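Chemist: Have a look at the structure that comes next, please.
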Amino acid sequence: MPSPDLRSFVARVGALVDAAPPTSRRETRTLLVEPFLETLGWDCRADSCVTDRSVDGTRLEYVPSIDSVPALFVAVETYDDSLDESRANALRKAMAWTGVDRAIYTNGREYLLLAGTTDVEYRALRLSELADSESALDNYSRETLDRRLEQHARTHVARQLAVERPQLVDSIVDRLAAATVQGDVYADEFESAADRFLDRLVVAFAEDDPNGGNTASDVSIRFSESAITDDGTPTTAGSEPAPRSGTNGSEPDSDGSSEAGTDATVDPEHVAGSSTDAAAEPDTDDTTGSEPNDESASAARDDGQTRSATDTETDAEDDGGDGSATARTDGEYVVRFFNERGSIGAIGHSTAEGALVETAEYLFERGLSGVEVPWSPDDADDTVLNAEPTHADGSPMAASTQLSNGLYLATAGNVDDRATRVEALAARAGLRAMLTGDWEDA
């Protein structure tokens with residue numbers, strides 16, 4: 001990408017905003033952002049560039065692709081608005097989840113460049129600095145990203161599934177509704193199942209590492225041995241294994257783009273933590289890395305880190321109201337947790353109720369401690385956590401377990417009810433939960 005293109009772009013934009021600065025997001029996109037992307041070699045009008053897409057709950061104005069593989073995320077604010085810290089962090093989270101490792105966040109005046117998927121590196125530039133930042137911007141050009149995506153990898157599939165997820169979910173729900181009697185009645189259940197299915201697919205394909213075994217990172221894995229006593233009180237045996245260590249797989253910008261421009265409105269320290277900071281202050285509860293593979297999980301189980309299959313517990317399932325209960329002693333209910341950087345750990349239990357309890361214990365150590373009780377998810381009527389084994393209206397919980405911090409967790413319901421509670425607790429703690437094992441067979 002020749003530097004005169006950048007100098008010409010800066011000169012044109014400077015003259016334009018001096019004469020009549022954009023007054024809306026649409027004008028900002030049309031007059032400033034699209035010409036900038038074209039300078040980098042992207043065609044915003046081509047079918048290969050998806051516009052106005054929500055990815056992992058993050059609004060993106062442009063997602064240019066190369067041979068149908070998403071290559072770059074671009075988020076835009078109105079020219080007069082400052083870059084927003086929360087949106088920048090959401091963009092960073094979307095990069096970690098999808099594997100798309102290049103993103104630009106701009107309002108036409110400031111340009112925040114992000115690179116990586118675990119420890120995201122950044123560079124903040126003003127419009128006037130673009131012409132002297134050719135080497136940094138080259139990492140976001142179509143030519144450079146085309147070379148990086150030449151060799152196919154499973155991670156490319158993860159990118160495609162993540163970006164197309166809303167359309168895929170709608171399509172799956174429509175097909176299921178059309179294939180079943182009164183299918184529309186069950187659309188919400190179909191959508192929930194499709195969401196989980198695509199979550200698992202994205203994670204499964206994103207775990208593929210094109211650089212071999214050099215990208216293992218710090219991951220805290222916790223497979224529980226907790227048993228539930230006759231009175232419903234959890235007892236814990238075993239301990240959390242030591243984390244695995246390694247390097248991350250992010251490719252840094254060639255010019256050391258983790259150095260931020262000093263004139264940027266957004267302070268990069270508050271927008272996206274640098275890999276240098278992460279290395280200096282490791283935290284096994286919020287570290288980077290890819291999700292443990294099946295061999296790692298098997299090794300943990302062999303070392304006695306999972307609950308024994310001979311431990312017993314009674315799961316009260318939906319039974320048509322006759323009060324009967326089915327004993328479940330041989331299940332495998334696994335919950336894996338992700339933050340904006342990637343996988344941070346997992347718990348496992350032989351029953352859905354036990355996994356729900358272990359999830360709550362795990363999350364109270366990692367972000368859930370600030371919850372006020374009585375607490376229930378926004379879209380739920382029943383109380384999930386309380387200081388007493390009662391709902392907010394004073395009625396008793398059908399079944400509950402007292403956690404180690406003294407709070408009571410509602411544990412009644414079938415496997416789907418407990419899965420919903422697991423996901424709601426994780427979301428309240430600022431994490432994403434992926435449920436595997438016997439959750440899928442419920």
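Chemist: Is it the case that some residue within segment 114-125 is among the β-branched types (V, I, T), farther than 21 Å from R59 by Cα and under 27 Å from the mean Cα position of the chain (by Cα)?
Modeler: No, there is no match, as no residue in segment 114-125 is among the β-branched types (V, I, T), farther than 21 Å from R59 by Cα and under 27 Å from the mean Cα position of the chain (by Cα).
Chemist: Which helices (runs of 4 or more DSSP H) sit wholly inside segment 21-133 and have at least 2 residues that are at pLDDT 90 or above and either among the polar types (S, T, N, Q) or open to solvent by 30 Å² or more (accessible area, probe 1.4 Å) (or both)?
Modeler: 25-28, 34-39
Chemist: Mind listing just one residue for me: the one in segment 6-20 that is hydrophobic (A, V, I, L, M, F, W, C) and more than 20 Å from E77 (Cβ to Cβ) and, of those, surrounded by the fewest Cβ atoms within 10 Å (Cβ to Cβ)?
Modeler: Per the criteria, the residue is A19.
Chemist: Determine, yes or no, whether P374 is within 11 Å of L407 (Cβ to Cβ) and in contact with a Phe, Trp or Tyr (Cβ under 6 Å, 6 or more places away or on another chain).
Modeler: Against the criterion (within 11 Å of L407 (Cβ to Cβ) and in contact with a Phe, Trp or Tyr (Cβ under 6 Å, 6 or more places away or on another chain)), P374 does not qualify.
Chemist: Restricting attention to segment 342-386, report how many residues are more than 17 Å from M434 (Cβ to Cβ), part of a strand (DSSP E or B) and open to solvent by less than 10 Å² (accessible area, probe 1.4 Å).
Modeler: Number of matching residues: 1.
Chemist: Can you say whether S395 is surrounded by 16 or more Cβ atoms within 10 Å (Cβ to Cβ) and either in contact with a Lys or Arg (Cβ under 6 Å, 6 or more places away or on another chain) or modelled with pLDDT of 90 or more (or both), as far as the supplied structure shows?
Modeler: For S395, the condition - surrounded by 16 or more Cβ atoms within 10 Å (Cβ to Cβ) and either in contact with a Lys or Arg (Cβ under 6 Å, 6 or more places away or on another chain) or modelled with pLDDT of 90 or more (or both) - is not met.
Chemist: Something else about it: Six or more apart or on different chains, Cβ under 6 Å: which pairs go from a residue in segment 53-68 that's among the hydrophobic types (A, V, I, L, M, F, W, C) to one that's surrounded by fewer than 21 Cβ atoms within 10 Å (Cβ to Cβ) and assigned to a loop (DSSP other than H, G, I, E, B)? Could you list them?
Modeler: I66/L149
Chemist: Please verify whether segment 421-438 includes one or more residues that are without any contact (Cβ under 8 Å) to a residue 24 or more places away in the chain, under 23 Å from A94 (Cα atoms) and acidic (D, E).
Modeler: yes
Chemist: Report, by residue number, each residue of segment 140-155 that is crowded, with 20+ Cβ neighbours inside 10 Å and in contact with a helix residue (DSSP H, G or I) (Cβ under 8 Å, 6 or more places away or on another chain).
Modeler: Once the filter is applied, which keeps residues that are crowded, with 20+ Cβ neighbours inside 10 Å and in contact with a helix residue (DSSP H, G or I) (Cβ under 8 Å, 6 or more places away or on another chain), segment 140-155 yields only T155.
Chemist: When you check V163 against the structure, is it out of contact with any Pro (no Cβ under 9 Å at 6 or more places or on another chain) and either hydroxyl-bearing (S, T, Y) or surrounded by 17 or more Cβ atoms within 10 Å (Cβ to Cβ) (or both), yes or no?
Modeler: no
Chemist: I would also like to ask the following. Could you tell me whether T155 is among the polar types (S, T, N, Q) and at pLDDT below 85?
Modeler: So T155 passes the test.
Chemist: Right, next: Quick one: N339 ticks every box in (1) open to solvent by 50 Å² or more (accessible area, probe 1.4 Å); (2) touching a residue at least 24 places away in the same chain (Cβ under 8 Å) except a single one, so which number is it?
Modeler: Of (1) open to solvent by 50 Å² or more (accessible area, probe 1.4 Å); (2) touching a residue at least 24 places away in the same chain (Cβ under 8 Å), only one is false for N339: (1).
Chemist: Looking at Y140, Y122, Y105, Y111, which one is touching a Pro at 6+ places or on another chain (Cβ under 8 Å) and closer than 22 Å to E34 by Cα?
Modeler: Y122
Chemist: Quick one: N414 ticks every box in (1) more than 24 Å from N339 (Cα to Cα); (2) open to solvent by less than 30 Å² (accessible area, probe 1.4 Å); (3) touching an Asp or Glu at 6+ places or on another chain (Cβ under 6 Å) except a single one, so which number is it?
Modeler: (2)
Chemist: Test each condition in (1) touching a Pro at 6+ places or on another chain (Cβ under 6 Å); (2) surrounded by fewer than 18 Cβ atoms within 10 Å (Cβ to Cβ) for Y408 and report the one that comes out false.
Modeler: Every listed condition holds for Y408 apart from (2).
Chemist: The conditions are (1) out of contact with any strand residue (DSSP E or B) (no Cβ under 8 Å at 6 or more places or on another chain); (2) within 21 Å of R142 (Cβ to Cβ), and F36 fails exactly one of them. Which is it?
Modeler: Going through the list (1) out of contact with any strand residue (DSSP E or B) (no Cβ under 8 Å at 6 or more places or on another chain); (2) within 21 Å of R142 (Cβ to Cβ), F36 breaks only (1).
Chemist: Between residues in segment 120-147 that are on the phi > 0 side of the Ramachandran plot and touching a residue at least 40 places away in the same chain (Cβ under 8 Å) and residues that are buried (at least 17 other Cβ atoms within 10 Å of the Cβ) and of a type in the set (K, R), which pairs lie under 7 Å by C-beta distance while being six or more apart or on different chains?
Modeler: Final answer for the pair search is none.
Chemist: Now, a different point. Output the residue which, of all residues in segment 415-442 that are in contact with a helix residue (DSSP H, G or I) (Cβ under 8 Å, 6 or more places away or on another chain) and part of a loop (DSSP other than H, G, I, E, B), is nearest to D199 (Cα to Cα).
Modeler: Taking the candidates together, the pick is L431.
The values are calculated or read from the model by the stated rules, or taken from the named source; none is laboratory data. Just so we're clear, the structure is a prediction, and the values are computed from it rather than from any experiment. Positions of Cβ are generated from backbone atoms using ideal geometry, with glycine treated the same way; all protein chains shown enter the neighbour counts. Note: areas computed on protein heavy atoms with side chains; ligands, DNA, RNA excluded. Shrake-Rupley method; radii C 1.70, N 1.55, O 1.52, S 1.80 Å.
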